[in-house]
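Since the structure comes first, as structure tokens, the remarks are kept for the end.
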Amino acid sequence: MKKSFRLYNILFPVWLLIWIPSWLWLFLIPGNYLIDLLITRLSMRQLGVEDPGRTARRHSVGICILGFISDFIGAAFLLGLMFLEPLIKHPVLDDILLGIGGFKLYDHPAAVITVIVSILLSGICIYFFDKALLKRDPSLTPRQVKYTALNLAVFTAPYLFLIPSNWIYR
């Protein structure tokens, strides 16, 4: 007689969803693309770029891909910290890692700070990646490149990392 088991409920951090390809990506990718396109276009229009819509569309796919890569970097930072748990046994670290895992994020201030650091890491990556991409466009001035990259970094950083899983899995 063959025994089997089922996993009825697997809890994992919301930010871990970025690693798991699913039907949610059918909404996530176009949504991110549209937000990136909108922020790029508005930033360029505010700075007086000659044809902000066309220029934004020309760079929007690259900006979207680089945004996902930056989000992966922030999530990888958190995931790497979670892999430290078996190596370093300490009750305070366990509480912090439980918070980072998204289950009780706001129960420990160090967990919140760590997640904010991962968001900042992603934002910094967004800034530098998008700045490097936009810098290649000869029609953009250095000021336009920096301003657009900064707006993308500030407005598209992965703030969803701050949503604790226990808000969803109740």
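The values are calculated or read from the model by the stated rules, or taken from the named source; none is laboratory data. Computed from a predicted model, the values in this text were never measured in an experiment. Neighbour counts are summed over all protein chains in view; Cβ atoms, including those assigned to glycine, are modelled from backbone coordinates with ideal geometry.
What to note about this one:
- Some residue of the stretch 158-166 being surrounded by fewer than 17 Cβ atoms within 10 Å (Cβ to Cβ), at pLDDT 95 or above, hydrophobic (A, V, I, L, M, F, W, C) and in a helix (DSSP H, G or I): no
- With respect to being part of a helix (DSSP H, G or I), surrounded by fewer than 17 Cβ atoms within 10 Å (Cβ to Cβ) and either at pLDDT 90 or above or on the phi < 0 side of the Ramachandran plot (or both), Leu120 fits the description.
- Selection of the stretch 100-117 for residues being touching a residue at least 12 places away in the same chain (Cβ under 8 Å), surrounded by fewer than 17 Cβ atoms within 10 Å (Cβ to Cβ) and not hydroxyl-bearing (Ser, Thr, Tyr) yields Lys104, Asp107, Ala110, Ile116, Val117.
- In the stretch 63-86, the residues that are in a helix (DSSP H, G or I) reach residues that are loosely packed, with under 15 Cβ neighbours inside 10 Å with C-beta atoms within less than 7 angstrom, at least six apart or across chains, in these pairs: Ala75/Trp19.
- Comparison of Leu133, Leu121 shows that the only residue that is among the hydrophobic types (A, V, I, L, M, F, W, C), touching a residue at least 40 places away in the same chain (Cβ under 8 Å) and under 30 Å from Leu84 (Cβ atoms) is Leu121.
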